[in-house]
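Below is one structure; the comments refer to it alone.
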Amino acid sequence: LDVLSNALQRPLTALEANHSLLTVAPSISRAAFERAHAERLLGSESVYALGWSVRVPAGKRDAFERAARMDGYPSYHLHERSRPGDLQVDPKEDVLAIRLIVPFNRNQNALGVNVRAIPQGRAAQDLAIATGLPYAAEGFPLSQDVGARAVGVVIYRAVYEDGGQPADLLDDPQRPPANDVKPRPRGVAFATLRPEALLYESMPPQATHLDFCLMDRTPQTRQVLLAGDDR
């Protein structure tokens, strides 16, 4: 169990490094982002992706796409998912578009996705933005998976404009920000994990005579079994 507990910290450690990078360099280029994380995900499938989803107002989508194409993503386009259960997003609503993601080769299908349309992700994003703390989504089929039934879990942490923080993170939780203006999120840093890979990297089947699984015990969770033997 200690081994598994340590493994469960791995995505949080990766997320914190990603969040720190994006806090100081929110406009980082694709090349610099990939260099910064070049060795972080080597040798492991459990932390499947690190990335940056940027808040984009409706009137700035075209400019946002052009900037991404000039930054080394020549076919970049902002789009909605259309998986069963995904939300119909108001076209006037700000989007959270995946702008950067590594490793690119195995995650490129997620690039440009508006993660606000993913109901499991949206709930976690709202909590992350409201609190400034990391929040994990329920398990769901990832945008980068096409024709696969694998489950992923995404952990989000908000980055705010001008280094702001939510009121409940101030020294005095009862004191609102100056002028009662809440800090605006610039976007959310995220780490994506594969529960199946995390479980078996930590507890390989040949190492024990036990069968085991990893479950989400959150009430009303739709994807209860995240990994392991479904017995």
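What to note about this one:
- Restricting the range 28-80 to residues that are polar (S, T, N, Q) and open to solvent by 30 Å² or more (accessible area, probe 1.4 Å) leaves a set whose member that is farthest from residue 99 (Cα to Cα) is 75.
- Test result for residue 21, in a helix (DSSP H, G or I) and in contact with a helix residue (DSSP H, G or I) (Cβ under 8 Å, 6 or more places away or on another chain): yes
- Per the conditions (1) over 18 Å from residue 128 (Cβ atoms); (2) within 16 Å of the chain's Cα centre (by Cα), the sole criterion not satisfied by residue 51 is (1).
- Within the option set 199, 214, being open to solvent by 20 Å² or more (accessible area, probe 1.4 Å), at pLDDT 80 or above and not in a loop (DSSP other than H, G, I, E, B) holds for one residue only, 214.
- Leading residue by the ranking (nearest to residue 94 (Cα to Cα)) among those in the range 124-138 that are small (Gly, Ala, Ser) and more than 12 Å from the chain's Cα centre (by Cα): 130
- Here residue 89 passes the criteria (1) modelled with pLDDT under 90; (2) hydrophobic (A, V, I, L, M, F, W, C); (3) closer than 26 Å to residue 199 by Cβ except the one numbered (3).
The rows are residues; the columns are (1) free of Cβ contacts under 8 Å to residues at least 12 places away in the same chain; (2) in a helix (DSSP H, G or I); (3) aliphatic (A, V, I, L, M); (4) within 22 Å of residue 21 (Cα to Cα).
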| site | (1), (2), (3), (4) |
| --- | --- |
| 54 | no, no, yes, yes |
| 73 | no, no, no, yes |
| 83 | no, no, no, no |
| 86 | no, no, no, no |
| 98 | no, no, yes, yes |
| 105 | yes, yes, no, yes |
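- Residue within the range 139-149 that is in a loop (DSSP other than H, G, I, E, B), of a type in the set (S, T, N, Q), modelled with pLDDT under 90 and closer than 24 Å to residue 26 by Cβ present: yes
- Considered as a group, the residues in the range 150-192 that are polar (S, T, N, Q) and modelled with pLDDT of 70 or more include one that is most open to solvent (accessible area, probe 1.4 Å), and that residue is 165.
The values are calculated or read from the model by the stated rules, or taken from the named source; none is laboratory data. Everything quoted here is computed from the prediction, not taken from an experiment. Every residue, glycine among them, receives a Cβ derived from its backbone with ideal geometry; neighbour counts consider all protein chains shown. Please note that ligands, DNA and RNA were not included when accessible areas were found on the heavy atoms of the full protein model with its side chains. Shrake-Rupley method; radii C 1.70, N 1.55, O 1.52, S 1.80 Å.
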